[in-house]
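**Q** Structure provided below as structure tokens; questions to follow.
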Amino acid sequence: MNSKKTVLITGGAGFIGSHVIRRFIKNYPDYLIVNADKLTYAGNLENLSDIDKNKNYRFERVDIVDKIAVSGLFQKYSFDGIVHLAAESHVDRSITGPDEFVFTNIIGTVNLLNAALNSWQKIFEGKLFYHISTDEVFGSLGREGMFTEKTAYDPKSPYSASKASSDHLVRAYNHTFGIPAVISNCSNNYGPNQFPEKLIPLAINNIRNNKPVPVYGKGENIRDWLYVEDHAAAIDLIFHRGKQGETYNIGGNNEWKNIDLIKLLCKIMDRKLGRNPGDSEKLITYVKDRPGHDLRYAIDSSKLQKEMGWKPIPDFEEGLEKTVEWYLANEKWLENVISGDYEKYYDSMYSGR
Ligand code: NAD
Ligand code: TYD
């Protein structure tokens with residue numbers, strides 16, 4: 001692949017996408033980076049305000065469900081690579097309203113695959129369709145074991161089912177039409193710029209405002225947490241060195257029971273806010289469990305580590321502390337993202353739970 005490329009990044013105004021865009025803009029000044037995003041409630045151009053004046057960056061407001069808009073995008077630019085992150089990403093929303101997940105995650109992905117096929121006209125040299133997926137496609141683990149690249153798909157929520165479906169479509173287009181594609185499946189991300197509907201920023205926001213911190217069920221569910229910049233670094237490596245047709249698992253090797261994670265977060269928040277030790281923990285409130293709540297996710301990322309020398313940051317507490325510091329230093333960002341429909345969403349999700 002040569003050093004001048006035009007790369008489409010979908011969903012670049014979202015949490016992970018904004019970190020990927022920033023990394024690509026800085027690391028590859030010869031690339032033209034095109035961010036295509038619909039700007040749903042989760043998309044926020046403020047996430048990119050430090051780089052949006054760069055010469056090698058363009059923003060296009062595109063809904064990937066809109067086939068005509070997608071084909072217009074591919075007529076305007078001649079893409080060498082696509083990093084596809086745009087998605088509806090929150091499990092709780094997929095339970096109350098699955099349709100958007102089917103539209104964006106499945107139809108949106110097919111629209112991009114078709115547009116890429118059409119634009120590349122079977123000349124695939126130097127081209128790549130990189131699909132970003134989740135470990136949730138593998139379903140739920142018991143107390144033992146880890147997901148590997150060979151684990152059979154067994155999605156349990158409308159979100160994970162829609163992502164599994166899009167993964168299958170990407171593989172089918174690779175197999176049937178020869179479109180060069182790679183997929184990565186990553187564990188739960190945390191870090192700056194995450195919308196406060198997900199556990200960690202929601203808890204930080206509530207602790208900051210002395211509001212109850214909702215823990216689903218008994219707080220026994222386990223997630224494998226990865227710092228978002230480690231995910232962006234893995235995406236960079238896989239985009240440049242991944243073998244087409246392959247899948248790579250990405251994970252933090254960092255399993256935490258929700259309740260233990262929330263207690264650690266409370267401890268950090270007490271310190272940062274100058275509260276007495278134990279004050280924030282008093283906000284923990286057990287609420288009704290999520291329907292079909294997956295018990296445990298854990299990723300075996302040894303393939304990526306061996307093949308590309310990738311490693312996540314070793315210290316979770318340090319990553320969490322950096323994250324807390326970012327949210328406390330960016331209260332304006334937080335106020336802006338929660339000023340719209342967030343209040344309504346929060347009430348509908350948590351009142352009566
Ligand atoms: P996010 O919800 O923060 O951002 C999603 C972005 O996609 C937003 O900017 C939104 O405006 C955009 N978008 C949504 N629908 C669109 C549409 N129809 N057309 C164009 N743009 C649209 O999500 P995230 O957490 O940054 O996740 C990004 C990707 O990574 C997703 O594909 C997700 O499945 C995957 N992933 C996320 C995690 C995680 O922990 N957050 C873990 C593994 C994989
Ligand atoms: P979440 O951040 O929604 O990610 P995912 O469901 O994709 O793993 O949730 C992480 C874990 O935290 C999950 O087990 C559900 C739980 N959770 C709570 O206990 N309370 C909350 O308010 C939220 C949003 C999540």
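All of the numbers you see were taken from the coordinates with simple rules; none came from a lab. Everything numeric here is computed off the predicted structure, so don't read it as measured data. All Cβ positions, even for glycine, are placed from backbone atoms using ideal geometry, and neighbour counts span all protein chains on display.
**Q** VAL34: net charge of surrounding residues, Cβ under 9 Å, Lys/Arg +1, Asp/Glu -1, itself excluded?
**A** Overall, the nearby charge balance is +1.
**Q** If you place +1 on the Cβ of every Lys and Arg, -1 on the Cβ of every Asp and Glu, and leave all else neutral, what size is the dipole of the range 185-294 about its Cα centre, to the nearest 20 Debye?
**A** I would put it at about 440 debye.
**Q** A 21 angstrom limit on the alpha carbon distance is what I want to check against. Which of LYS4/LYS38; LYS272/LYS332; LYS163/LYS288 exceed it?
**A** In this structure, LYS4/LYS38; LYS163/LYS288 lie more than 21 Å apart at Cα.
**Q** So, one more: With r defined as the distance between the Cβ atoms of LYS4 and GLU281 and R0 fixed at 45 Å, what FRET efficiency is calculated, to the nearest 0.05?
**A** FRET efficiency, LYS4 to GLU281: 0.25.
**Q** Grab the Cα-Cα distance for LEU295 and SER348, subtract it from 0.36 nm times how many residues apart they are, and report the gain in nm with one decimal.
**A** Stretched out fully, the LEU295 to SER348 stretch lengthens by 16.7 nm.
**Q** Which listed residue (ASN210, HIS175, SER133) has the Cα farthest towards the positive end of the charge dipole for the range 130-270, taking +1 on Lys and Arg C-beta and -1 on Asp and Glu C-beta about the Cα centre?
**A** ASN210
**Q** Okay, moving on. In straight Cα distance, which aspartates and glutamates are under 18 Å from LYS306, not counting same-chain residues fewer than 8 positions off?
**A** The reachable aspartates and glutamates, counting only those whose Cα sits under 18 Å from LYS306, are GLU149, ASP230, ASP236, GLU246.
**Q** I need ASP167, ASP52 ordered by Cβ neighbour count within 10 Å, fewest first.
**A** In order of increasing Cβ crowding within 10 Å: ASP52, ASP167.
**Q** Give me the net charge of THR285's neighbourhood, meaning all other residues with Cβ under 14 Å from the Cβ of THR285; Lys, Arg count +1, Asp, Glu -1.
**A** Computed value for this residue: +4.
**Q** Defining a contact as two alpha carbons under 8 Å apart and six or more residues distant in sequence, what relative contact order in percent does the range 53-149 show?
**A** Contact order relative to length: 35 percent.
**Q** To test your reading of the geometry: what angle, between 0 and 90 degrees and rounded to tens, separates the Cα axis of helix 199-208 from the longest principal axis of the chain?
**A** Helix 199-208 and the main axis of the chain meet at about 40 degrees.
**Q** Quick one: CYS186, CYS266, fewest Cβ neighbours within 10 Å first, how do they rank?
**A** CYS266, CYS186
**Q** Quick one: order ILE250, ILE235 by neighbouring beta-carbon count within 10 Å, fewest to most.
**A** Starting with the residue having the fewest Cβ neighbours, the order is ILE235, ILE250.
**Q** Then there's this: Could you give the nm distance between label points at ILE68 and LEU264, where each point is 7 Å from its Cα heading toward the beta carbon?
**A** The modelled label-to-label distance comes out at 5.0 nm.
**Q** Let me ask you something else. Could you work out which residue, out of ILE299, ILE123, ILE207, moves most in a Gaussian network model of the chain, that is, has the largest mean-square fluctuation with Cα springs under 10 Å?
**A** Among ILE299, ILE123, ILE207, the largest mean-square fluctuation in the Gaussian network model of the chain belongs to ILE123.
**Q** Calculate the spin-label point distance for ARG58 paired with GLU321, positioning each point 7 Å from the Cα along the beta-carbon direction, and give it in nanometres.
**A** 4.4
**Q** While we're on this one: Kindly work out what percent of the DSSP beta bridges joining two residues of the chain are antiparallel, to the nearest 5.
**A** For the chain, the DSSP antiparallel bridge percentage is about 10.
**Q** Here's a follow-up. Set the Förster radius R0 to 25 Å, insert the Cβ-Cβ distance between GLU125 and ASP154 as r into 1/(1 + (r/R0)^6), and round the FRET efficiency to 0.05.
**A** E between GLU125 and ASP154, to the nearest 0.05, is 0.10.
**Q** Then there's this: Mean residue ellipticity at 222 nm from the helices of the chain, using -39,500 (n - 2.57) per DSSP H segment of n ≥ 4 over the full residue count, to the nearest 500 deg cm²/dmol?
**A** Computed mean residue ellipticity for the chain: -12500 deg cm²/dmol.
**Q** Shifting gears a bit: Just going by the charge dipole of the chain, with Lys and Arg at +1 and Asp and Glu at -1 on Cβ, which of SER339, ASN258, PRO314 is farthest out on the positive end?
**A** The Cα lying farthest towards the positive end belongs to PRO314.
**Q** Quick one: compute the contact order of the chain, relative version, from alpha carbon pairs under 8 angstrom and 6+ residues apart, as a percent.
**A** 17
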